[in-house]
1. If you take each beta carbon of peptide B:99-109 and count the beta carbons of other chains within 10 angstrom, what is the mean?
2. For A:D30, what accessible area in Å² do you get when you roll a 1.4 Å probe over the heavy atoms of the protein chains, rounding to the nearest 10?
3. Rounded to whole Å, give me the distance from the Cα center of the range A:65-107 to that of the range B:40-54.
4. Using a simple charge model, +1 on the beta-carbon of Lys and Arg, -1 on the beta-carbon of Asp and Glu, nothing else, what dipole does chain B show about its Cα centre, in debye to the nearest 20?
5. What does the charge count around A:V12 come to, taking other residues whose C-beta lies under 13 Å from its C-beta (Lys +1, Arg +1, Asp -1, Glu -1)?
6. Quick one: putting +1 on the C-beta of Lys and Arg, -1 on the C-beta of Asp and Glu, what dipole do you get for the protein assembly as shown around its Cα centre, in Debye to the nearest 20?
7. Mind checking A:39-45 for the average number of partner chain beta-carbons within 10 Å of each residue's beta-carbon?
8. What is the distance in Å between the Cα centres of the range A:1-58 and the range B:66-92?
Amino acid sequence: DTAVSQTPKYLVTQMGNDKSIKCEQNLGHDTMYWYKQDSKKFLKIMFSYNNKELIINETVPNRFSPKSPDKAHLNLHINSLELGDSAVYFCASSQGGFNSPLHFGNGTRLTVT
Amino acid sequence: QKEVEQNSGPLSVPEGAIASLNCTYSDRVSQSFFWYRQYSGKSPELIMSIYSNGDKEDGRFTAQLNKASQYVSLLIRDSQPSDSATYLCAVNKKTSYDKVIFGPGTSLSVIP
């Protein structure tokens, strides 16, 4: 009965490859997010979707493309991977509203070699 | 100026002491404030949320908010070694949509 689940947990790939990370939440939340946590542990927002609609798109390279087929799923596809993309990527969801906390998935550790 | 700032630490306190973690934010329209705890290799988990000026207590944890000073803090009483983690301050900069911004985190080490 995992609330927010991400797959895969680990992803090791070479520069130039394309990879995807999948996220699903069973909390009935309307809003889902992608955050990137770099080696210094700084958690930075990348994208946010509300009921399948993109509402936040931070300054992220075009190589990153989120997709939300329905409000329970948010995927992240990354083209032409670079060394600097190595990080932990967290999916999160919230009910929406200013007092709604984020519920995080377990993260995907991406290593680009 | 970063939107949310925290002392990076590490902050070391002896077991049983009070740990005090501080956070400042730059945007006055911020409406809600959260403290998350993150153990090494794990995902952030919510400890406290606070929306109004003053103190909010939950067990050993007390969150304090001062919107005039744009300051939020977390006190951990009777610190335990299991409290050793990184503590992330987060701010919801709600305008027309929710946008939760995190500080860089403070690493706390509780020494037995």
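The values are calculated or read from the model by the stated rules, or taken from the named source; none is laboratory data. It should be emphasised that the depicted structure is a prediction, and the values quoted were computed from it without experimental measurement. Here the Cβ is made from the backbone with ideal geometry for all residues, glycine too, and neighbour counts use every protein chain on show. Note: accessible area is taken over every heavy atom of the protein model, side chains too, but ligands, DNA and RNA are not part of it. Shrake-Rupley method; radii C 1.70, N 1.55, O 1.52, S 1.80 Å.
1. Taking the mean over all residues of the peptide, I get 4.
2. So the heavy atoms of A:D30 present about 60 Å² to solvent.
3. Each part reduced to its Cα centre gives a spacing of 19 Å.
4. The dipole magnitude comes to about 320 debye.
5. In short, +2.
6. Here the size comes out at about 320 debye.
7. Mean number of neighbouring Cβ atoms from other chains: 5.
8. The distance from the Cα centre of the range A:1-58 to that of the range B:66-92 comes to 25 Å.
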